[in-house]
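A.B. asks: Let me begin by handing over the structure; questions about it come next.
The values are calculated or read from the model by the stated rules, or taken from the named source; none is laboratory data. Everything numeric here is computed off the predicted structure, so don't read it as measured data. So basically every Cβ, Gly included, is an ideal-geometry build from the backbone, and we count neighbours across all protein chains shown.
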Amino acid sequence: MFFGLAHAPAGAISQEARYLSKLALPMMVAQIAQVATGFVDTVMASRVSTDDLAAVSLGASIFITCYVTLMGVVTALNPILSQLLGAGKHDQFRETARQGLWFGLLLGTLGGILMMISEPLLRLWLDLPTAVIDKMMLFITGAAIGMPAAMMHRALHAYASSLGHPKAIMVVSLIALALNIPLNYILIHGLFGLPKMGGAGCGWATGLVFWFNCLALFCYVNWHHRFRQFRLLGQFSWPQWSLYCSFLKLGLPIGLSFFVEVSLFSFIALLIANLGTTVIATHQSVLNFTSLVYMIPQSIGTALSVRIGHHVGARHYQAARFSAGVGLLLGLSIAFTTMLLVIVLRQQIMQVYTPDPAVIAMGSTLLLFAAVFQLTDAAQTIASSALRGYKLTTVPLIIHILSFWVIGLGLGMVLGLSDWLGKAMGVYGFWSALVLSLSVAGLGLSYYLSRASRRHLPPQPAAKAQP
């Protein structure tokens, strides 16, 4: 039966679901607040011009690809810290958390440099008006400056969530979202003597907000009484390079999995760039909305990773498998509701993003594709997060590569840009392939989680022979 849930005591499933929801809800609010900065950028840039929206869309694709990939590497701290805490190794937990901050700083600095290096290559690749490309590059530069702070924030996120105190992350993220709106407006329109950047100002606002997010959360977790036992400032530590090898060993497959997934969407944005600014703007608007919705299963997955990490650290493998089943069930239930709401409200959703009738019409159709993959996207997100709680990352990476690059990107290029299987479908061909790729990933990862969690169970004693 489904992760052994049929044999669970009465009320155990609902109790575990409530616990996961309590842990996931603040994370979800925080994640939505962070992704909502992209929503704010998209809406505010669209009010300037379609060219500004296209520049923000393409710049955000590059930024998100780098950010999510590196975030995946830092996400290795979640199961590492959770298992240390579950095993009662408190001193090692504190030191690992401090090293996680150094790790995030180094990784984020590297990511910011790579983003800036990519700018000349992008100028050669894209065949767009010079004004659009210039604004895109200015957006990337501003966002790159915030990358070190973004990765240190993710290290603090792992620290706070592993301790079961995600409200700190939520509070700071909501304040950061509120700060992003006036910063966008000031930098877009050049108020207070600052240069008028147009849509590119959104990238600089993003970079500044990341630094606020990092510093505010660092102060919160060091001064709030809930973190007193595990204060990061209780002791200073220089970087321990040998420890980073263990971070990378677990984190690189996670980061590559994140890269494979997010690069699918980013590469689609680049591949359809020559189809016109209307197509680019529509793709980005729908993608931004699906990213907001995606925060629900991702938050459940993060909470589940922490929960399973605690169980595995304490060697409670039956409890870990039970939590995995409840997490999947909870996520699929919410995803089904989301699917219905998107189908019914898709036109109203697009009207929030833009007044352009062409973008609204195309976007309403693309949202039907997005509604279809809600269930499978939730399944693959939660299952892969649960597997991280077990520190299992290699097989999920292989499944993601086959699903997203071979099926999602490969088949998407065939359907969208070629006439091999009929008339080229444009952006609709890419979104058709997205549905299929997420379905394969969802089924494959759920099956692997079921097998892996069962293998961790202690062997059952053999039945005694009857006399």
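A.B. asks: Assigned to a helix (DSSP H, G or I), under 15 Å from Asn184 (Cα atoms) and of a type in the set (Asp, Glu) - does that describe any residue in the range 14-26?
C.D. replies: Checked against the condition, which is being assigned to a helix (DSSP H, G or I), under 15 Å from Asn184 (Cα atoms) and of a type in the set (Asp, Glu), the range 14-26 yields no hits at all.
A.B. asks: Looking at Gln380, Gln348, can you tell me which residue is at pLDDT 90 or above, surrounded by fewer than 24 Cβ atoms within 10 Å (Cβ to Cβ) and not aliphatic (A, V, I, L, M)?
C.D. replies: Step by step, each of Gln380, Gln348 is checked, and only Gln348 is at pLDDT 90 or above, surrounded by fewer than 24 Cβ atoms within 10 Å (Cβ to Cβ) and not aliphatic (A, V, I, L, M).
A.B. asks: With the requirement that a residue be more than 22 Å from Ala149 (Cα to Cα) and not in a loop (DSSP other than H, G, I, E, B), what does the range 59-89 give you?
C.D. replies: Listed by number, the residues that qualify are Ser82, Gln83, Leu84, Leu85, Gly86.
A.B. asks: Take the residues of the range 317-370 that are polar (S, T, N, Q) and in contact (Cβ under 8 Å) with a residue 24 or more places away in the chain: which is nearest to Ala87 (Cα to Cα)?
C.D. replies: Gln318
A.B. asks: When you look at Val262, is it under 18 Å from Leu397 (Cβ atoms) and surrounded by fewer than 22 Cβ atoms within 10 Å (Cβ to Cβ), yes or no?
C.D. replies: yes
A.B. asks: OK, next. Looking at Ile280, Ile300, Ile308, Ile268, which one is assigned to a helix (DSSP H, G or I), modelled with pLDDT of 90 or more and closer than 24 Å to Ala36 by Cβ?
C.D. replies: The match here is Ile300.
A.B. asks: Among the listed residues Leu232, Leu275, Leu271, Leu256, identify the single one that is touching a Gly at 6+ places or on another chain (Cβ under 7 Å) and surrounded by fewer than 23 Cβ atoms within 10 Å (Cβ to Cβ).
C.D. replies: Leu275
A.B. asks: Considering only residues that are of a type in the set (A, V, I, L, M, F, W, C) and crowded, with 17+ Cβ neighbours inside 10 Å, look in the range 419-434 and name the one that is nearest to Thr381 (Cα to Cα).
C.D. replies: Leu434
A.B. asks: Please specify each residue of the range 330-384 satisfying the condition of being under 16 Å from Ser291 (Cβ atoms), assigned to a helix (DSSP H, G or I) and among the aromatic types (Phe, Trp, Tyr).
C.D. replies: Tyr353, Phe369
A.B. asks: Among what's in the range 108-143 and is loosely packed, with under 14 Cβ neighbours inside 10 Å and outside any helix (DSSP H, G or I), pick the residue that is modelled with the highest pLDDT.
C.D. replies: Among residues in the range 108-143 that are loosely packed, with under 14 Cβ neighbours inside 10 Å and outside any helix (DSSP H, G or I), the one modelled with the highest pLDDT is Pro129.
A.B. asks: Filter the range 189-206 for residues that are surrounded by fewer than 24 Cβ atoms within 10 Å (Cβ to Cβ) and part of a helix (DSSP H, G or I); which is modelled with the highest pLDDT?
C.D. replies: Among them, the one singled out is His189.
A.B. asks: Also, quick follow-up: Ser49 - would you say it is over 30 Å from Tyr244 (Cβ atoms), at pLDDT below 80 and surrounded by 20 or more Cβ atoms within 10 Å (Cβ to Cβ)?
C.D. replies: No, not satisfied.
A.B. asks: So in the range 383-406, with the set limited to residues that are buried (at least 21 other Cβ atoms within 10 Å of the Cβ) and among the β-branched types (Val, Ile, Thr), which one is modelled with the highest pLDDT?
C.D. replies: Ile399
A.B. asks: Could you identify the single residue in Ala55, Ala97 that is at pLDDT 80 or above and buried (at least 23 other Cβ atoms within 10 Å of the Cβ)?
C.D. replies: It is Ala97.
A.B. asks: Name every residue in the range 311-328 that is out of contact with any Leu (no Cβ under 7 Å at 6 or more places or on another chain), part of a helix (DSSP H, G or I), of a type in the set (A, V, I, L, M) and over 15 Å from Ser384 (Cβ atoms), in order of residue number.
C.D. replies: Val312, Ala319, Ala320
One line per residue, one yes/no per condition, for (1) more than 22 Å from Gly72 (Cβ to Cβ); (2) out of contact with any Lys or Arg (no Cβ under 6 Å at 6 or more places or on another chain); (3) not polar (S, T, N, Q):
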position: Lys196; (1), (2), (3): yes, yes, yes
position: Gly201; (1), (2), (3): yes, yes, yes
position: Cys219; (1), (2), (3): yes, yes, yes
position: His224; (1), (2), (3): yes, yes, yes
position: Phe227; (1), (2), (3): yes, yes, yes
position: Leu256; (1), (2), (3): no, yes, yes
position: Ser266; (1), (2), (3): no, yes, no
position: Leu275; (1), (2), (3): yes, yes, yes
